[in-house]
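Visitor: Okay, handing you the structure first.
The values are calculated or read from the model by the stated rules, or taken from the named source; none is laboratory data. Every value quoted in this text rests on a predicted model; they were computed, and no experiment measured them. Methodologically, a virtual Cβ is constructed for each residue, glycine included, from the backbone with ideal geometry; neighbour enumeration extends over all protein chains shown.
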Amino acid sequence: MLGLLWLIPAIPFVSALALAVLRIPRKLVAWIAAGATAASAVVSLLVTISFLSAPPAANDYTQVLWTWFDVGGLRPEIAFYLDPISLIMTLVVAFVGFLIHLYATEFMIDDEGYSRFFAYMNLFFASMLTLLLANNLLLLYLGWEGVGLCSYLLIGFWYRDPANGRAGRKAFIVTRIGDTAMVVGLFLLFHDLGTLQIQDLMQRAPQHWQIGSSAAIAAALLLLGGAVGKSAQLPLQTWLPDAMAGPTPVSALLHAATMVTAGVYLIARMHVLYSLAPLAQSAVAVIGAATLLIAGFSALTQWDLKRVLAYSTMSQIGYMFLALGVGAWPAAIFHFMTHAFFKALLFLAAGIVINALHDEHNIFRMGGLRTRLPFAFWTFLIAGCSLAGLPLVTAGAFSKDWIIWGALSGANGSPEFWIVALVGVLLTSLYTFRMIFAVFFGEAHSEVTKRPGYAMLIPCFVLAFLSIVGGYLKTPFGRFLETALPWTEGARVAPVTDLESEGISALVFLLGLYLAYIFFLRQRSYATALASSAAGNALHRFWFSDWGMDWLYERLFVQPVVWFARIDKGDFIDGFYTGVARLNEFAWRVLRRTETGRLRWYAAGIAAGSIVFVAVVLFRMVLFL
């Protein structure tokens, strides 16, 4: 069955091509798009069963299809590599991606760009699978840029609204900054180590570079630049909230299991390089810790349902980066898996609410939906509790507690990181239940105009189940990853035990729930009064604007470029091409005067031209004789 590995990305690629170039009836589009992702998920399951039942030698498998090109010692292959890391991530992406595609077949049914939408979605899906399975960094980068392109196409899918087009361009440009750093990092790796094969790099790096080597640090930081851009971490996080301009299934696919987790996968895949660059690995932890706090505070101030979820994604990816930075590698991948379940469910349940309320996004114009949309309420509540970390019950609690313990006891952990992780739990509990109380409790402010069908309900039910039971896979999950990712639990002496850390985390969760209940359900006037005060209002506006990051970037980068473009629009290069245009205009004006409408002049011109032509021919004949 391992020989079928190439089919996992190939099937959705073929489907995307067919949907892009063929005129296919709408009903058949849904079958092709969802069927392709279902087939990919089934093949990934068969490959997983084969891998687990008869593990290959060295617990990894490489499938080489052909050599891409061979130039100057660079000989990348179109080849796929399967090990516990890529296996888990591929399986999760394939199944969550299929559920989102199934949901989208109903959600997008009335959209005029139905076939175009699913062509983009299938291409997005296939590009992410290529990224995960690539055995070399160049093929990984191809998938990396594929998801970047598709994110632009899907975020700006409703391009007739200029705001959506701007959001797509913003995502494309901001992530290109990180991608440029990543490309430079690939050049550095090939220059120093002579290969871009991932496994060869992991073997050669310790042989050529010592721990703390400047070259290792430079390469790791450059790759971190790419990871920060794709995963929306500081300082390149500004594109993600605006990405909510895309349809809700796009938000679910982009935020749950695909594009934003690509940076997490890249760092985990290159963990040997980061172990040689302690400075870069510490930077990963600091960036993750800072992002989870900044995004958590921003989520507390948002009124758009999808933007709250967007900031929660930034915060949860921050937890994954923190885990990677402190050396808790398996905890980061485990949180990736549980996050894929509950975050996809949050977006899909939010889509049911938004669709039912005639495209209403403002949480304060909803209310009272607990009884009017009971299925959306229970699935959203399950996913929200998993996001916030309801202990002993939800998958998110297991994975987040693992990261919190790693932040204290990991090789690079510290009490400061542990405290930041706990503050993140408080913030997550606060903004999650603020959202739940505003949307599903209190008085109704909007009428329900639409009910979801089975294509939207079934994926939510499956994801709700996984958002609960997924956490109980922690122990077998950790053992399975042992051969691919190092994790020395309790590497540092901690003042508390693992169980005590989990208990403290549970108390912090309950504190956040209680505060949300008081401020956003029982006594909403408290929250209003707090936000109306001078300090509260200033903080609210500051956090709402993503801590002023867009304002800062506008003045540091955008306005100077626009100013320079305006003063430089008449430079000598433009003058040269303007001169060419003026010369052509002059020639046109001269030749235009020959168009007089007088036949005698035309006949005389033809005769003169013929005489000149014959004379030139005779002259050349004489020269050659």
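Visitor: Being farther than 19 Å from Gly288 by Cβ, touching a Leu at 6+ places or on another chain (Cβ under 9 Å), part of a helix (DSSP H, G or I) and touching a residue at least 40 places away in the same chain (Cβ under 8 Å): is that true of Ala344 here?
Guide: In short, yes.
Visitor: Do any helices (runs of 4 or more DSSP H) entirely within the range 366-482 hold 1 or more residues that are of a type in the set (Val, Ile, Thr) and in contact (Cβ under 8 Å) with a residue 24 or more places away in the chain, and if so, which?
Guide: Fully inside the range 366-482 and qualifying: 374-388, 395-409, 415-440, 454-469.
Visitor: Quick check on His255: is it at pLDDT below 90 and either of a type in the set (Lys, Arg) or in a helix (DSSP H, G or I) (or both)?
Guide: Judged against the criteria, His255 is a match.
Visitor: Take the conditions free of Cβ contacts under 8 Å to residues at least 12 places away in the same chain and either under 23 Å from Thr261 (Cβ atoms) or among the aromatic types (Phe, Trp, Tyr) (or both) and apply them to Trp6. Does it pass?
Guide: In short, no.
Visitor: Let me ask something else. Could you check how many residues of the range 31-41 are within 24 Å of the chain's Cα centre (by Cα) and more than 10 Å from Pro12 (Cα to Cα)?
Guide: 1
Visitor: Here is a further query. Looking at the range 457-486, which of its residues are out of contact with any Ser or Thr (no Cβ under 9 Å at 6 or more places or on another chain), at pLDDT 95 or above and buried (at least 22 other Cβ atoms within 10 Å of the Cβ)?
Guide: Across the range 457-486, the qualifying residue is only Pro459.
Visitor: If the Cβ limit is 8 Å and pairs must be 6+ apart or interchain, which residue in the range 520-537 that is small (Gly, Ala, Ser) pairs with which residue that is modelled with pLDDT of 85 or more and surrounded by fewer than 13 Cβ atoms within 10 Å (Cβ to Cβ)?
Guide: Listed pairs, sorted by first residue: Ala531/Asn537.
Visitor: Name every residue in the range 487-525 that is crowded, with 19+ Cβ neighbours inside 10 Å and of a type in the set (Ser, Thr, Tyr), in order of residue number.
Guide: If the condition is that a residue be crowded, with 19+ Cβ neighbours inside 10 Å and of a type in the set (Ser, Thr, Tyr), then Ser501, Ser505 are the ones that fit.
Visitor: Would you pick out the residues in the range 14-60 that are in contact with a strand residue (DSSP E or B) (Cβ under 8 Å, 6 or more places away or on another chain) and under 19 Å from Phe98 (Cα atoms)?
Guide: Val47
Table: residues versus (1) out of contact with any Ser or Thr (no Cβ under 9 Å at 6 or more places or on another chain); (2) in a strand (DSSP E or B); (3) closer than 22 Å to Pro84 by Cα; (4) among the acidic types (Asp, Glu).
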{"residue": "Phe124", "(1), (2), (3), (4)": "no, no, no, no"}
{"residue": "Thr130", "(1), (2), (3), (4)": "yes, no, yes, no"}
{"residue": "Gly165", "(1), (2), (3), (4)": "yes, no, no, no"}
{"residue": "Lys170", "(1), (2), (3), (4)": "no, no, no, no"}
{"residue": "Asp179", "(1), (2), (3), (4)": "yes, no, no, yes"}
{"residue": "Met182", "(1), (2), (3), (4)": "yes, no, no, no"}
{"residue": "Leu189", "(1), (2), (3), (4)": "no, no, no, no"}
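Visitor: Let me ask something additional. Going by the conditions given, is Gly512 free of Cβ contacts under 8 Å to residues at least 60 places away in the same chain, part of a helix (DSSP H, G or I) and of a type outside the set (S, T, N, Q)?
Guide: So Gly512 fails the test.
Visitor: Of the residues Gly396, Gly410, Gly384, only one is of a type outside the set (A, V, I, L, M, F, W, C), within 26 Å of His271 (Cα to Cα) and under 24 Å from the mean Cα position of the chain (by Cα); which?
Guide: Gly396
Visitor: Restricting to the range 163-188, name every residue that is more than 19 Å from Pro249 (Cα to Cα), over 15 Å from the mean Cα position of the chain (by Cα) and either surrounded by fewer than 22 Cβ atoms within 10 Å (Cβ to Cβ) or of a type in the set (Ser, Thr, Tyr) (or both).
Guide: Scanning the range 163-188 gives Arg166, Thr180, Ala181, Val183, Val184, Leu186, Phe187, Leu188.
Visitor: Return yes or no: is Phe297 surrounded by 24 or more Cβ atoms within 10 Å (Cβ to Cβ), closer than 26 Å to Ala167 by Cβ and in contact (Cβ under 8 Å) with a residue 40 or more places away in the chain?
Guide: No: the conditions fail for Phe297.
Visitor: Moving to a separate point now. Checking Glu360 against (1) in a helix (DSSP H, G or I); (2) among the charged types (D, E, K, R); (3) more than 24 Å from the chain's Cα centre (by Cα), which single condition isn't satisfied?
Guide: With respect to (1) in a helix (DSSP H, G or I); (2) among the charged types (D, E, K, R); (3) more than 24 Å from the chain's Cα centre (by Cα), Glu360 is out only on (1).
Visitor: Right, next: Looking at (1) closer than 29 Å to Thr475 by Cβ; (2) buried (at least 22 other Cβ atoms within 10 Å of the Cβ), which is the one condition that is false for Val393?
Guide: Of everything listed in (1) closer than 29 Å to Thr475 by Cβ; (2) buried (at least 22 other Cβ atoms within 10 Å of the Cβ), Val393 misses just condition (2).
Visitor: Check Asp546 against each of (1) touching a Pro at 6+ places or on another chain (Cβ under 7 Å); (2) farther than 27 Å from Ile436 by Cα and name the one condition it does not meet.
Guide: (2)
Visitor: On to the next question. Across the range 554-582, which residue is nearest to Ile173 (Cα to Cα) among those that are assigned to a loop (DSSP other than H, G, I, E, B) and of a type outside the set (Lys, Arg)?
Guide: Within the range 554-582, the match that is nearest to Ile173 (Cα to Cα) is Asp568.
Visitor: Name the residue, out of Ala587, Ala538, that is at pLDDT 85 or above and within 53 Å of the chain's Cα centre (by Cα).
Guide: Just a single option satisfies the conditions, and that option is Ala538.
Visitor: Right, another one. From the list Leu102, Leu65, pick out the single residue that is touching a residue at least 24 places away in the same chain (Cβ under 8 Å), at negative phi and surrounded by fewer than 14 Cβ atoms within 10 Å (Cβ to Cβ).
Guide: Leu65
Visitor: Scanning for something free of Cβ contacts under 8 Å to residues at least 12 places away in the same chain, out of contact with any strand residue (DSSP E or B) (no Cβ under 7 Å at 6 or more places or on another chain), among the hydrophobic types (A, V, I, L, M, F, W, C) and assigned to a helix (DSSP H, G or I), does the range 192-214 turn up at least one residue?
Guide: No, the range 192-214 contains no residue that is free of Cβ contacts under 8 Å to residues at least 12 places away in the same chain, out of contact with any strand residue (DSSP E or B) (no Cβ under 7 Å at 6 or more places or on another chain), among the hydrophobic types (A, V, I, L, M, F, W, C) and assigned to a helix (DSSP H, G or I).
Visitor: Within the range 261-283, can one find any residue that is in contact (Cβ under 8 Å) with a residue 12 or more places away in the chain and closer than 30 Å to Gly113 by Cα?
Guide: There is at least one residue in the range 261-283 that is in contact (Cβ under 8 Å) with a residue 12 or more places away in the chain and closer than 30 Å to Gly113 by Cα.
Visitor: Quickly run through the range 435-456 and pick out the residues that are among the polar types (S, T, N, Q) and crowded, with 17+ Cβ neighbours inside 10 Å.
Guide: Ser446
Visitor: Quick check on this structure: which one of Trp551, Trp543 is part of a helix (DSSP H, G or I), out of contact with any helix residue (DSSP H, G or I) (no Cβ under 9 Å at 6 or more places or on another chain) and within 24 Å of Lys170 (Cα to Cα)?
Guide: Trp551
Visitor: Identify the residue in the range 142-162 that is part of a loop (DSSP other than H, G, I, E, B) and in contact (Cβ under 8 Å) with a residue 40 or more places away in the chain and, among all such residues, is surrounded by the fewest Cβ atoms within 10 Å (Cβ to Cβ).
Guide: Looking at residues that are part of a loop (DSSP other than H, G, I, E, B) and in contact (Cβ under 8 Å) with a residue 40 or more places away in the chain, I get Asp161.
Visitor: For the range 272-290, indicate whether the set of residues that are in a loop (DSSP other than H, G, I, E, B), crowded, with 24+ Cβ neighbours inside 10 Å and not assigned by TED's automatic domain parsing to the domain that holds Ala344 is non-empty.
Guide: Checking the range 272-290: at least one residue is in a loop (DSSP other than H, G, I, E, B), crowded, with 24+ Cβ neighbours inside 10 Å and not assigned by TED's automatic domain parsing to the domain that holds Ala344.
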